[in-house]
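The values are calculated or read from the model by the stated rules, or taken from the named source; none is laboratory data. The structure displayed is predicted, hence computed values, not measured ones. Neighbour counts run over all protein chains shown; Cβ positions are idealised from the backbone, glycine included.
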Amino acid sequence: MKSELISKIRKRALEIQDWMIHIRRRLHQYPETAFQEKNTAKLICDELLKLGIPFKNHIALTGIIGFIGEDQGESTPIVALRADMDALPIQEETGLSFSSKRPGFMHACGHDGHVAMLLGAANILSAINAVDGAGIRLLFQPAEEGQAGARSMIDDGCLEGVEIIFGGHIDANLPVGRIAVQEGLICAYADGFELSIKGKGGHAARPHEACDALVAASHLVVMVQSILTRKINPQMPSVISIGQLNAGTVPNAIASEATLTGTVRTTEQETRARLFEELERLVRGLETSFGVCCNLRFNDSYPPVINHPEATAIAKKAAEAVVGKDLVIPYPIPSLGGEDFSFYLRHVPGCFVRFGAALKTSDNAPAPAHSSRFDFNEDVLVTGASFFATCALEALYHLRQNEHKTK
């Protein structure tokens, strides 16, 4: 890509920095969870209207598809850019001046920033008018957090005619200005599970007449970690986390039922299958040891994110153009976090990157994503918007040069 065009992209990104920050903060104040992003969608539609960018809304209930340039299926190369837009049911404790105004909900994973970045890229691409005889599709996706909104977007046709797709995520552990680009597996399998335990209730003073489901559940919480330390190759990354345990109704009665929910995260199919098998075995042992009845159910999983070699090369080239070679870094150790961008990659090649967004003034380790104190450096919005705009144009150039045969 010509240096003159790169300069135009960067210049425009800096010009709209305050606008992107304003959008991010508006979204941050009014977080909405999976498939409830109605006001978020309205803001996006309003901004696309102002930019003169056509769009379709109500995709996967609250999603939006924006269209830049020509979008005529097989007759033109089409590149997709994706941003997720849902928040989480977490009470915010950041103390920010633009903290969530909805008690019990917050943007704790940077999706407010992702939307601002993609709108920023749309603004840049519209301003520089560099898309000719091709199409860029903007995917504003609902419900990334556990509800597989990507799958619903695909079912509603968001990838029809698309030949390559790019996405990214804010990473507050990386210095601002850096972009991590890595070929191959970068995000894990993420499988949810639910275990129901049924015992026999009774008086707390006469435990011998009951069968305590809560005690059985408590043993499982501790015992499940032995699967990882004694049954799985320690060189294979894997995690079992139980996030919820619900049991009992009053303090002076023995609980007759307990429910546990959690996730299994792995980077390899063989390890994943072994973990399922061992968890089943542990549950059967629980029934024998405590005299309870158990029902273990595994939910639909997020597949791993595996970056396509050709798409990764395009993303790396774009990242180097935006921040320079020295600030484009690898991401060699896969994250055990789940990411439903993986569903898009089942249909078209693509690449998912990470944008450094560490806070400048933080002396301590950054608050992790999905925590009540999560925040990020808003300078990343310029980086992200510039990358998406550059990456889209770089991909279009690549598709034209190769007669769009990336698939």
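Evaluate the following for Ala369: is it farther than 14 Å from Arg178 by Cβ and either assigned to a loop (DSSP other than H, G, I, E, B) or out of contact with any Lys or Arg (no Cβ under 6 Å at 6 or more places or on another chain) (or both)?
Working: farther than 14 Å from Arg178 by Cβ: yes; either assigned to a loop (DSSP other than H, G, I, E, B) or out of contact with any Lys or Arg (no Cβ under 6 Å at 6 or more places or on another chain) (or both): yes.
Answer is yes for this residue.
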Seminar exercise, completed: Only unsatisfied item for Gly104, checking (1) buried (at least 21 other Cβ atoms within 10 Å of the Cβ); (2) without any contact (Cβ under 8 Å) to a residue 40 or more places away in the chain; (3) not basic (Lys, Arg), is (1)
For this session: Test Val283 against the criterion of being farther than 15 Å from Val222 by Cα and in contact with a Leu (Cβ under 7 Å, 6 or more places away or on another chain), and give yes or no.
Result: no
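Give, as residue ranges, the helices (runs of 4 or more DSSP H) completely inside segment 1-66 that count at least 3 residues that are at pLDDT below 95 and out of contact with any strand residue (DSSP E or B) (no Cβ under 8 Å at 6 or more places or on another chain).
In segment 1-66, the matching helices (runs of 4 or more DSSP H) lie at 3-15.
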For this session: Using the structure shown, decide if Thr406 is assigned to a loop (DSSP other than H, G, I, E, B), of a type in the set (S, T, N, Q), within 13 Å of Ala315 (Cβ to Cβ) and modelled with pLDDT under 95.
Result: yes
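Those residues that are at negative phi, assigned to a strand (DSSP E or B) and of a type in the set (Gly, Ala, Ser), I need them from segment 140-194; list them, please. Don't jump to the end; show me each part of the working.
The initial filter retains those residues of segment 140-194 that are at negative phi, namely 140-142, 144-145, 147, 149-156, 158-160, 162-176, 178-183, 185-194.
Next, only the ones that are assigned to a strand (DSSP E or B) stay: 140-141, 164-171, 179-180, 185-187, 189-194.
Hits for segment 140-194 are Gly167, Gly168, Ala180, Ala190, Gly192.
Taking the criterion of being assigned to a helix (DSSP H, G or I), in contact with a strand residue (DSSP E or B) (Cβ under 9 Å, 6 or more places away or on another chain) and not assigned by TED's automatic domain parsing to the domain that holds Arg137, would at least one residue in segment 302-324 satisfy it?
Restricting attention to segment 302-324, the residues satisfying the condition of being assigned to a helix (DSSP H, G or I) are 309-323.
Filter once more, keeping what is in contact with a strand residue (DSSP E or B) (Cβ under 9 Å, 6 or more places away or on another chain): 309-316, 318-320, 322-323.
Subsequent filtering for residues that are not assigned by TED's automatic domain parsing to the domain that holds Arg137 retains none.
Looking through segment 302-324, none of the residues is assigned to a helix (DSSP H, G or I), in contact with a strand residue (DSSP E or B) (Cβ under 9 Å, 6 or more places away or on another chain) and not assigned by TED's automatic domain parsing to the domain that holds Arg137.
Of the residues that sit in segment 9-49 and are acidic (Asp, Glu) and more than 21 Å from the chain's Cα centre (by Cα), which one is surrounded by the most Cβ atoms within 10 Å (Cβ to Cβ)?
Step one: filter segment 9-49 for residues acidic (Asp, Glu), giving 15, 18, 32, 37, 46-47.
In the following step, the residues that additionally are more than 21 Å from the chain's Cα centre (by Cα) were identified as 15, 18, 46-47.
Numbers: Glu15: 13, Asp18: 11, Asp46: 10, Glu47: 20.
My answer is Glu47.
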Exercise. In segment 137-159, is there at least one residue being acidic (Asp, Glu), surrounded by fewer than 19 Cβ atoms within 10 Å (Cβ to Cβ), assigned by TED's automatic domain parsing to the domain that holds Asp375 and over 18 Å from the mean Cα position of the chain (by Cα)?
Worked result: yes
Seminar exercise, completed: Picked from segment 297-311 (must be over 16 Å from Arg82 (Cβ atoms) and of a type in the set (S, T, N, Q)), the residue modelled with the highest pLDDT is Asn299
For this session: Could you grab me the full set of residues in segment 221-278 that are surrounded by 15 or more Cβ atoms within 10 Å (Cβ to Cβ), of a type outside the set (A, V, I, L, M, F, W, C) and assigned to a helix (DSSP H, G or I)?
Result: Thr271, Arg272, Arg274, Glu278
